[in-house]
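J.: Below: one structure in structure tokens.
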Amino acid sequence: MSLLRSLRLCLDARTGGLPAGSLLLQSLQPWHTIHAGSWLSSSASRKDLLMKLRQKTGYSFVNCKKALETCGGDLKQAEIWLHKQAQKEGWSKATKLHGRKTKEGLIGLLQEGNTTVLVEVNCETDFVSRNLKFQQLVQQVALGTMLHCQSLKDQLATYSKGFLNSSELSGLPAGPDREGSLKDHLALAIGKLGENMILKRAAWVKVPSGFYVGSYVHGTMHSPSLHNLVLGKYGALVICETSEQKANLEDLGRRLGQHVVGMAPLSVGSLDDEPGGEAETKMLSQPYLLDPSITLGQYVQPHGVSVVDFVRFECGEVEEATEAE
């Protein structure tokens, strides 16, 4: 008996006489049908989760895929895992980049009700300062400062003003809808953008009725998601006292802010100061920026307001915030 015939007889005996081709179809077709359908369904589900995680977090497809695999497809846990990994990477980069000069960046100005804050966040290059992620960091710092200021329980009889240095600013909570501190969000931004960055400083002013805060930011860029946040390279707050509410205070406050940014006074001074000499650094006796034929004091006096204080930030300056003496 030939070898081929022997093999056929053996196969027939094992399959109850069914043809070998029939056995092959029976054994393969169910597996192919069941497992191919399951795989397609699973693949479609994975792709949907991947897209959702990518859109929500902004991380790469590779990292999102790894997060989902690590967390067994749990979207919420995958998001938490991604943030933790990014935090680790950010702190690692921050350590490596520490010491590199940060002369660029942005000033952020935020006003809500009777409270105004001014913040400065620095980076290495102007290119990064124009990046949306960096601007969102400045926005978060301004919001964190605003929440800190609003949490201070003080009875205002007159205006109040405060400053936060880099260490104090970094330790503030990021906000009610964000986990961690501003320092944690700084590390995330460093990890994403790859430059050294510093939360340099912040100033805040709160005023009661009878006071007004004029403001100006030079090189203005409006925040992408917060309409009352203004970004730029220079910023100024000017605190005015007025006996009655006036219709043109906003325009007057903006012009006073422009003067502070352009003329960089060191103190307010008084209307009695004579122009020239040491008075050149006193705000009220300086030639008015928009009309040098008169002093700023002469410009302000007819408006029925008194300038009592100011704050000036210049992005990248070495000195601390300029404030009135």
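J.: For the stretch 182-223, what are the residues that are open to solvent by 20 Å² or more (accessible area, probe 1.4 Å) and in a strand (DSSP E or B)?
T.: Passing the criteria: ILE198, LYS200, TRP204, PHE211, TYR212, SER215, TYR216, HIS218, MET221, HIS222.
J.: Could I ask something else about it? Just one of (1) in contact with a Lys or Arg (Cβ under 6 Å, 6 or more places away or on another chain); (2) assigned to a helix (DSSP H, G or I) trips up LEU143, so point out which.
T.: All conditions pass for LEU143, except number (1).
J.: Among the listed residues ASP184, ASP177, identify the single one that is farther than 26 Å from GLU104 by Cα and either acidic (Asp, Glu) or touching a Lys or Arg at 6+ places or on another chain (Cβ under 6 Å) (or both). Steps first, please.
T.: On the way: ASP184 fails: farther than 26 Å from GLU104 by Cα.
ASP177 is the lone residue from the list that is farther than 26 Å from GLU104 by Cα and either acidic (Asp, Glu) or touching a Lys or Arg at 6+ places or on another chain (Cβ under 6 Å) (or both).
J.: Turning to a different aspect of this structure: Assess whether VAL318 counts as being among the β-branched types (Val, Ile, Thr) and at pLDDT below 90.
T.: Working: among the β-branched types (Val, Ile, Thr): yes; at pLDDT below 90: yes.
Taking the combined requirement at face value, the residue satisfies it.
J.: Something else now. In the stretch 52-69, which residue that is open to solvent by 80 Å² or more (accessible area, probe 1.4 Å) and not basic (Lys, Arg) is modelled with the highest pLDDT? Let's see the steps before the verdict.
T.: So in the stretch 52-69, the residues open to solvent by 80 Å² or more (accessible area, probe 1.4 Å) come out as 52, 54-56, 61-62, 65-66, 69.
Then keep just the ones that are not basic (Lys, Arg); that gives 55, 61-62, 69.
On the way: GLN55: 76, PHE61: 73, VAL62: 75, GLU69: 81.
By that ranking, first place goes to GLU69.
J.: Go through the stretch 292-301 and count every residue that is more than 37 Å from the chain's Cα centre (by Cα) and either open to solvent by less than 70 Å² (accessible area, probe 1.4 Å) or touching a residue at least 12 places away in the same chain (Cβ under 8 Å) (or both).
T.: Start the filter on the stretch 292-301 by keeping residues that are more than 37 Å from the chain's Cα centre (by Cα), which leaves 292-295, 297-299, 301.
Then keep just the ones that are either open to solvent by less than 70 Å² (accessible area, probe 1.4 Å) or touching a residue at least 12 places away in the same chain (Cβ under 8 Å) (or both); that gives 294-295, 297, 299, 301.
Number satisfying all stated conditions: 5.
J.: Give me the pairs, please: first residue somewhere in the stretch 226-238 and of a type in the set (Lys, Arg), second residue anywhere and assigned to a strand (DSSP E or B) and surrounded by fewer than 24 Cβ atoms within 10 Å (Cβ to Cβ), beta-carbon distance under 8 Å, and either six or more positions apart or on two chains.
T.: LYS233/HIS218; LYS233/GLU314
J.: Given the options THR220, THR242, name the one that is over 30 Å from GLN140 (Cβ atoms), β-branched (Val, Ile, Thr) and touching a Gly at 6+ places or on another chain (Cβ under 8 Å). Walk me through how you get there before you give the answer.
T.: Values: THR220 fails: over 30 Å from GLN140 (Cβ atoms).
Going through THR220, THR242 in turn, the sole match is THR242.
J.: Same structure, new question: Just to be sure before I move on: is ASP291 under 25 Å from LYS206 (Cβ atoms), out of contact with any His (no Cβ under 9 Å at 6 or more places or on another chain) and at pLDDT 90 or above in the structure I sent?
T.: Numbers: under 25 Å from LYS206 (Cβ atoms): no; out of contact with any His (no Cβ under 9 Å at 6 or more places or on another chain): yes; at pLDDT 90 or above: yes.
Here the answer is no, as ASP291 does not meet what is asked.
J.: In addition: All but one of (1) without any contact (Cβ under 8 Å) to a residue 60 or more places away in the chain; (2) open to solvent by 10 Å² or more (accessible area, probe 1.4 Å) hold for ALA174; which doesn't?
T.: Condition not satisfied by ALA174: (2).
J.: Going residue by residue through the stretch 131-151, is there one that turns out to be free of Cβ contacts under 8 Å to residues at least 24 places away in the same chain and either open to solvent by less than 60 Å² (accessible area, probe 1.4 Å) or within 14 Å of the chain's Cα centre (by Cα) (or both)? Lay out the reasoning, then the answer.
T.: Quick first cut of the stretch 131-151, residues free of Cβ contacts under 8 Å to residues at least 24 places away in the same chain only: 151.
If we keep only those that are either open to solvent by less than 60 Å² (accessible area, probe 1.4 Å) or within 14 Å of the chain's Cα centre (by Cα) (or both) as well, we get none.
Checked the stretch 131-151: no residue is free of Cβ contacts under 8 Å to residues at least 24 places away in the same chain and either open to solvent by less than 60 Å² (accessible area, probe 1.4 Å) or within 14 Å of the chain's Cα centre (by Cα) (or both).
J.: With (1) within 22 Å of SER160 (Cα to Cα); (2) under 27 Å from the mean Cα position of the chain (by Cα) as the list, and LEU231 as the residue in question, which single condition is left unmet?
T.: Status for LEU231: all satisfied but (1).
J.: If the requirement is being touching a Ser or Thr at 6+ places or on another chain (Cβ under 8 Å) and farther than 20 Å from VAL300 by Cα, which of these qualifies: LEU186, LEU193, LEU237, LEU249? So that I can check it myself, show each step before the final result.
T.: Values: LEU193 fails: touching a Ser or Thr at 6+ places or on another chain (Cβ under 8 Å); LEU237 fails: farther than 20 Å from VAL300 by Cα; LEU249 fails: farther than 20 Å from VAL300 by Cα.
So the residue among LEU186, LEU193, LEU237, LEU249 that is touching a Ser or Thr at 6+ places or on another chain (Cβ under 8 Å) and farther than 20 Å from VAL300 by Cα is LEU186.
J.: For the stretch 114-124, indicate whether the set of residues that are closer than 13 Å to CYS315 by Cβ, assigned to a loop (DSSP other than H, G, I, E, B) and among the polar types (S, T, N, Q) is non-empty.
T.: No, because not a single residue in the stretch 114-124 is closer than 13 Å to CYS315 by Cβ, assigned to a loop (DSSP other than H, G, I, E, B) and among the polar types (S, T, N, Q).
The values are calculated or read from the model by the stated rules, or taken from the named source; none is laboratory data. Predicted, not measured: the structure shown is a model, and the values here were computed from it. Counting neighbours? That spans all protein chains shown, and the Cβs are built from the backbone with ideal geometry, glycine included. All accessible areas refer to the heavy atoms of the entire protein, side chains included, with ligands and DNA or RNA removed. Shrake-Rupley method; radii C 1.70, N 1.55, O 1.52, S 1.80 Å.
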